[in-house]
1. With a cut-off of at least 1 residues that are without any contact (Cβ under 8 Å) to a residue 60 or more places away in the chain and among the small types (G, A, S), name the helices (runs of 4 or more DSSP H) lying wholly within the range 182-259.
2. Under the condition of being among the β-branched types (V, I, T) and either open to solvent by less than 50 Å² (accessible area, probe 1.4 Å) or under 28 Å from the mean Cα position of the chain (by Cα) (or both), which residue from the range 245-263 is nearest to F325 (Cα to Cα)?
3. Out of curiosity, is T357 of a type in the set (S, T, Y), within 30 Å of T259 (Cα to Cα) and either open to solvent by less than 20 Å² (accessible area, probe 1.4 Å) or at pLDDT 90 or above (or both)?
4. Being open to solvent by less than 20 Å² (accessible area, probe 1.4 Å) and out of contact with any helix residue (DSSP H, G or I) (no Cβ under 7 Å at 6 or more places or on another chain) is the filter here, so list the residues in the range 224-235 that pass it.
5. Scan the range 321-334 residue by residue and report those that are of a type in the set (S, T, N, Q) and under 12 Å from R303 (Cα atoms).
6. What pairs come up if the first residue lies in the range 344-356 and is in a helix (DSSP H, G or I), the second is acidic (D, E) and exposed (fewer than 15 other Cβ atoms within 10 Å of the Cβ), and their beta carbons are under 9 Å apart, counting only those six or more places apart or on different chains?
7. Taking the range 150-176 on its own, how many of its residues are within 16 Å of the chain's Cα centre (by Cα) and open to solvent by 30 Å² or more (accessible area, probe 1.4 Å)?
8. Out of V264, V347, V241, report the one residue that is among the β-branched types (V, I, T), over 30 Å from A183 (Cβ atoms) and modelled with pLDDT of 90 or more.
Amino acid sequence: MRVQATNSPGGFEVTTDGAGVVSHAGAALLGELADRVGLTRALGWHQAGGRRRHLDAAVLRDVAVMLADGGDCLSDLAVLRDQPELFGPVASTPTAWRVVERIGKDPNGLARLRAARAHARARAWAVGAHPDVELLIVDADATLVLAHSDAKEGAEGSYKHTFGFHPLLAYLDRGHAPGEPLAGLLRPGNAPAGGADDLIELVDLALAQLPAAAREQPVLVRSDSAGASTRFAWHLRDDQVGFSLGMPIDAHLREAILTQPEHVWTQAINADGQPRAGAEVCELTGWLDLHTWPEGTRAICRREDAHPGAQLRFTDHDGHRFQVFLTDQPDGDLTTLELRHRQRARVEDRIRAAKATGLRNLPFDRWRRNAVWLELVLAAQDLCCWTQALLLDGDLAVAEPKTLRYRLLHTAARIVRHARRVILRRQRSWPWATQLARAFARLRVLALRC
């Protein structure tokens, strides 16, 4: 038998005499956007200690860009620092560490980081990043961040028998587009999933991120059953914010569900308005004692066939899964309210994207430094969200971080100088070369409106 020979994959010559070649060319888009929307300037509050080569604002911006580009520790700044033609002078790892430590020690450091993000958000929304919705929905959820050393301050055992941290996060739901991070609260691993005090602090931080004009719109806060607290609900009512909160099912609530006659159940719907197979909803308000909750609170239940192979719980009955949530929304259409609450599941995607943008690991030993790191992770997600909302179209406008990096941020280019101009040349055959060029062009036009 004859076997046809194949070309060896190593059939090319390797040299080291190239010039002007840069990688991660698209990441420069994020740094320039941070400058254009005023994030960099807002990060540059009072700089103590006289003259420094690297201003704190530029260091913080570069860390945020590095995180958005896929880095997960300060030493990954080398990706930017090794390409001065594209990113300019970038601080060393020790310098960046000192900046983080300085902000962590500052009693107002976190507050100033949050204020800078809020300032940049107002400018980004003013030039087109505002979500085109009538109702602003804020999702609150907790996640676990593992630690592999007990030397990290605040790392504790969690309810899932892991070890690390248990931060709370809040995201603005932008539909199928990437969610916009609003607030994060670093907590030890043994923190409860939904302590009322923590949820109140988180939501207050999230609402403070919304531009003043946006607060004139109705706002709804969603949470899973960890947020089922009358204190939390009353706090939202005092702030004139609606709520949609999951409710844990106990024996009394289960009895109320099973008492409902068959004719009160209404077919649930999918996002396209079509009936959802095997799912129905009904209202339980008259069957529960809700006198301690804000006036107008309603209880709504979804009954759904369990997925094949699912392990049923004691609250399940006759092959059905039940979920109950409490809301003060007056809408009479139960299916719309149930669909809106079910879409809270999108926050899981937002948190997964955060872990792909530096949250998978809290790299420092001290709590104060990791709290700063968490805020910079949110700033990195801000930059990605605004880039997609303002500068990109089609699939790229809703792409996951991994896809966005492969197609735009991590691509190579050549820097050439001609007629006193600096030109970034992309490979013409790269499928997304035009989209990146268009994004830079839109950013330069955006600068005239900021």
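1. Numbers: elements: 196-209, 230-238, 251-259.
It comes to 196-209, 251-259.
2. Step one: list which residues in the range 245-263 are among the β-branched types (V, I, T), which gives 249, 257, 259.
Those left that are additionally either open to solvent by less than 50 Å² (accessible area, probe 1.4 Å) or under 28 Å from the mean Cα position of the chain (by Cα) (or both): 249, 257.
On the way: I249: 10, I257: 13 Å.
The extreme case among them is I249.
3. no
4. Matches in the range 224-235: A233 only.
5. Listed by number, the list holds a single entry, Q323.
6. Correct list of pairs: D349/E400; R352/E400; A353/E400; A356/E400.
7. Number satisfying all stated conditions: 2.
8. V264
The values are calculated or read from the model by the stated rules, or taken from the named source; none is laboratory data. These numbers were taken from a predicted model, which means no experiment stands behind them. Quick reminder, even Gly has a Cβ in these numbers, built from the backbone with ideal geometry, and neighbours come from all protein chains shown. For the accessible areas, the whole protein counts, side chains as well, though only heavy atoms, and no ligand, DNA or RNA atoms are used. Shrake-Rupley method; radii C 1.70, N 1.55, O 1.52, S 1.80 Å.
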